[in-house]
Amino acid sequence: MRADSTWSQYSSGELFLEGNILMEEEFWHEAERVWAYASKTRPKNRVVKFKRAVCLANIGEDWPAAKAAFVEVVQGGLTLRYDPFNPNQKLPPIDAWLWLASAEHRLMEFDAAKAHVNDFLAKAGEKHGSMEWASKILAEIRFAEKQLASPTESEVRAMDINSDANETHPVLTVDGKTLFFSSNRPRSNGSNHGRVDPNTKAHYYDIYQSTLSSDSVWSEPQYLNVGLRNHATVVGSDAFGEKLIVRDDDGWTHELKTTKKWERGWTVAEPMVLDKTIPNKGEVVFFPSRDRLIASIKSRRGEGGFDLFESAMSEDGRWGKLKSLGTRVNTWGDEITPFVAADGQTVFFSSNGLQSMGGFDIYRTTRNAAGGWTEPEHLGSPINSVDDDMAFAIGAKGEVGYFATRRDVSSGDLELFEVFMEGNDILEEEVVVLSLNAEGTEVDAQPDVLVVKDVESGEVVQRVEKGRTEDVFNFILPTGRDFVVESENARESATDSTDVMAAESTEDGSPSVRRVLSLSDELGAEVIDVTFEEVFNPEESSDGTEAEDANVEPVAFVVKPQPVVPKDESGTKEVATEDAASTALNVNQNVAGGETEASTLGSNAQETASVESAQQKEDESDVAAAAGGDVEETSAAEDKSDVNTKAKTETSDMKGASISAPIAPIALANLGGGQMVLAVQLYSGQVHSGRLDLTPAVSRVVEASKQGIAHITLEGSASDGPSSRADGNMGLASSRAMDVYLRLMKALDKEGLVKNEDFTISVVRRVQPDGQTPEAFINGSVHPASFQYVRVDVAVR
């Protein structure tokens, strides 16, 4: 216990008054120090000890200490007639039983907590002012027991970026790759040593940034200097992390400010002034569209405490008056830390007024058909706990979320946790985050602004400016629709939706581009990185042949995202990284008479007229060697039901990830393109490329390039069955091939291999049976799934 000479000159009455004032102002740390000093001079005064214990409970950082303090308080008589402002009060109130029960609840000592609530009820009358609180504690205990007994499949882990201090308010960009948060840790350069909050005696909060690496590890947090001298807490960000909303708090009052990213860091935070109807206090977060916002503020028009309000921007750029989210969402308690997901429909927040497991819990609500908000949904255990859980944030893919919690009662500090959702559909709608990288593109070919229009309605959906510090255009688009993306000054005469005007100029000399993006309704939530040239300059098709601008069809994105696998017991996180590099970018070619133009590569596309048994076994042996496992033999006329059954799972004896089983014989037939190194059998129309480890192919190409020029033949195949896809089965075959093509090109680039110098690559896209399908496979006895595969062959030329 630290003595403070300041209080040595205070009388008992002055200490009592000072402590009460600090409690009224909710300076709990300073008040606790006053009562701790007062208890030294009056060691038998249980009222002073009660007030100190209340301060410990409100601080909430050390529940064992708070419990011990209340246990000492209740060792003696308690009174129904308690005056907190009477310095001559002799007995603590019977509410001490409830304070003790609340501390035991946070320690998950549920039976003891119930017993002490009953002690309170035995002495309190029905009209006692704390009866509602007693009922709330019992309800929270029952709810916590229920949630803990039936947890969701989500898995939560403390993040490695935590320190010995507090970490709070995680804010995530929609692509899930940049995390901002606040921490009162000592700065590594010592620049904040000695600068502490006079109330908490801890360092002021600063803002930090961490980025997600390709191997799904968060980088060492980087301190962001936004020019604030006191507490700096991040409360919101724009969708792609170029602007932040921060709270500047000197310990007495706070103000919301904004800061922007620039080439040398971040600008000095300036007061946030939106409109006289929008306050600059509390917490404010924007929707990804930037024309709506959610605010957590205290208002006389609210339900009590902090409540959530919304506002929308009118066509003339004015913000409307704040409108409450309604009594379904807002309660007598506090609703805080709102976060709007990438879909613009799902809002997460924390509340201590709704049904909870204890303290603040995390909830989600969505916009309903009537324009209001749905009944808040509790996220359950293990995301929520009996302690404070708040500030939930999640990326567009809805796979990994982040939040702050006090659940580690051994330290009591706020820490950041990550939660792997395990396939739970937590977002209302699926959207695609598309980053179009124009870096390296000639400046005179880059527009400053791109406009996105809905193909069917012609309505402008988004207006996207190039990034402040990087040559990147970022879009958030719903799946299952086609969009025209064009420069803001695109010529109105371009009425053909497939017309491409790459690097052409308008009359004033500025660049003009136009392209159609087709987002398959099978795509799912995804984060995609592509280059400016891939979208606006498709001068060369994926198989190396020239594509005439007049015949270029929409750029199509057609792939199902792969699930995230949480960390194993050793702490290593395994993630199926099927995002930017592996998402299928398909510049479709015209299809006539069932054949592709400029995609079938002559002799390289020819399969043998029949599949000889000896040749098949030889090919299978090659695959097994590349895969590190054995290939299960299956006949071409395998029973249909047996094929469907086996297609659901991979065989347990398959040691490598290079092939799937059952592998149809046609996928192992002699393609004439060299030695087969990879093959994957596909079912249900999806690109299961996560099962296709490209390492054997990359190693084989590297080895072959040392002997000459390695020639890669990559074949994607689909069956000719009925298809509901807009681009048909050929689009499916193409997307399968392109999915592997993009991943392979990126891997070879990392190996330092140069296309057309160290290797060449041909892409074959087929819908089977066709003219080149061996007779053995078109006799009607083969299951259509036999024609759905991807394979890679490598030869030395």
| said: Taking 8 Å as the Cα distance limit and 6 or more residues as the minimum spacing, I'd like the relative contact order of the stretch 122-220 as a percentage. | reply: 19
| note | Final fewest-first order of 479, 365 on the 10 Å Cβ neighbour count is 479, 365
| message | At a 10 Å Cβ-Cβ cut-off, how would you order 182, 435, 719, fewest neighbours first? | response | 435, 719, 182
| request: State the extension gain, in nm to one decimal, for the chain segment bounded by residue 327 and residue 220, taking 0.36 nm per residue of separation less the distance between their alpha-carbons. | output: 34.4 nm
| field | Length added when fully stretched, residue 706-residue 75, from 0.36 nm per residue minus Cα-Cα | value | 218.8 nm
| message | Give me 168, 152 sorted ascending by neighbouring Cβ count inside 10 Å, so fewest comes first. | response | 152, 168
| Cα-centred dipole magnitude for the stretch 1-158, charges only on beta-carbon of K, R (+1) and D, E (-1), debye, nearest 20 | 620
| field | Filtered chymotrypsin sites (Phe, Trp or Tyr not before Pro), the stretch 108-189: DSSP coil and at most 15 other beta carbons within 10 Å | value | none
| field | Mean separation of Cα contacts under 8 Å (6+ apart) over length of the stretch 184-231, as relative contact order % | value | 29
| field | Label zone at residue 230 (point 7 Å along Cα-to-Cβ), backbone N below 17 Å, the stretch 236-255 | value | 246-255
| note | XL table 177/466; 453/750; 67/136; 67/114; Cα-Cα > 25 Å flagged, in table order, is 453/750
| query | Between the DSSP loop rule and a limit of at most 11 other Cβ atoms within 10 Å, which trypsin sites (Lys or Arg not before Pro) in the stretch 702-760 are left? | reply | 706
| task | Take the Cα of residue 58, step 7 Å along the line toward its Cβ, and report every residue of the stretch 279-301 whose backbone nitrogen sits under 20 Å from that point. | result | 282, 298-299
| How long is the gain from residue 122 to residue 264 if the chain were fully straight, where each residue apart is worth 0.36 nm and the alpha carbon distance is subtracted? | 44.6 nm
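Coordinate-derived values only; no laboratory data. Quick caveat, the model's predicted, so the values are computed rather than measured. Cβ sites come from the backbone with ideal geometry, for glycine too, and all protein chains shown count toward neighbours.
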